[in-house]
1. Tell me the label-point distance for the pair GLU86, GLU206, using the 7 Å Cα-to-Cβ offset, in nm and rounded to one decimal.
2. Given the pairs LYS82/LYS152; LYS91/LYS167; LYS91/LYS166; LYS82/LYS205; LYS152/LYS213, which are separated by over 19 angstrom at their Cα positions?
3. Rounded to the nearest 10 degrees, what's the angle between the helix 165-185 long axis and the longest principal axis of the chain, both from Cα atoms, 0 to 90?
4. Quick one: order MET88, MET11 by neighbouring beta-carbon count within 10 Å, fewest to most.
5. Over the C-alpha atoms of the range 1-54, what are the Rg and the largest Cα-to-Cα span, Dmax, in Å?
6. Using only the alpha-carbon atoms, how far is helix 4-29 inclined from the longest principal axis of the chain? Give it as 0 to 90 degrees, nearest 10.
7. How big is Rg to Rh over the range 134-203, alpha-carbon atoms, Rh as the Kirkwood inverse-mean-distance radius?
8. So how do 26-38, 181-193, 132-144 stack up, highest first, on mean other-Cβ count within 10 Å?
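The numbers here are math on the coordinates, done by the rules we state, and not lab data. Bear in mind that the values here come from a model prediction, so they are computed numbers and not experimental data. Note: ideal-geometry Cβ built from the backbone for every residue, glycine included; neighbour counts use all protein chains shown.
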Amino acid sequence: MRAPEADHGHMKQRREKMLSTAYRLFSEKGITAVRLTDIAEEAGCGKRTLLHYFDSKAGLVMAVTVWKWTAYFEENRKRRPKVDFEGMTAKEVFEFYLDSFLELYRGHKDLLCFNQLFNVYIRSEEFDDRSMLPYANIIAGLEKQFHIIYEKGVQDHTIRTDIPEKKMFSTTLHLMLAAVTRYAVGLVYQPDEGFDDIAELEVLKEALLQKYKA
């Protein structure tokens, strides 16, 4: 008889194989073009088994998205100069926050490209608020991290706090994520002599640092 822990470990491994297979196929072929049967075959299981773990294609797409973003945020957490940013100023933590988008671009262009496919898919499938809750929770986690920056700014006055926190969070998130996504998917002007993508993204980062410095 298998121990419960072994069964749990087996199920976790099988689930992650399904997630990684789905992520690869969605990224290669586009989310709409991939069928559940395609994923099941590639993952070495039946469609019924796949649906035992994920109740629908939409549920699988959301699970893949949350899985990849969760892994990235855990990786980025380990990049922090200090645990919980202890002893750092608001400006220093804000710069780390902005640098995280550049790091995302440097090391995870695939995730940015997938996220673009995800954004198109959820609009075509008209996800409701309940279906979007797992993704909304990811954004809420980012907002919680930004709150740390803002609260530090209230205390040490190294960044502006005359601008509402939610507006500042929304502006920085949208500008940085939109920029790195466009570069990742290639929706940028590309002169014949080439260009320095990181240097251009650094300009945006520096502009935001200048905009919000106290």
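1. For GLU86 paired with GLU206, the spin-label model returns 3.4 nm.
2. LYS82/LYS205
3. With both axes taken from Cα atoms, the answer is about 60 degrees.
4. Ascending number of Cβ neighbours within 10 Å: MET11, MET88.
5. Both quantities, over Cα of the range 1-54: 12.4, 42 Å.
6. With both axes taken from Cα atoms, the answer is about 70 degrees.
7. Across the range 134-203, the Cα-based Rg/Rh ratio is 1.10.
8. The peptides rank, most packed first, as 26-38, 132-144, 181-193.
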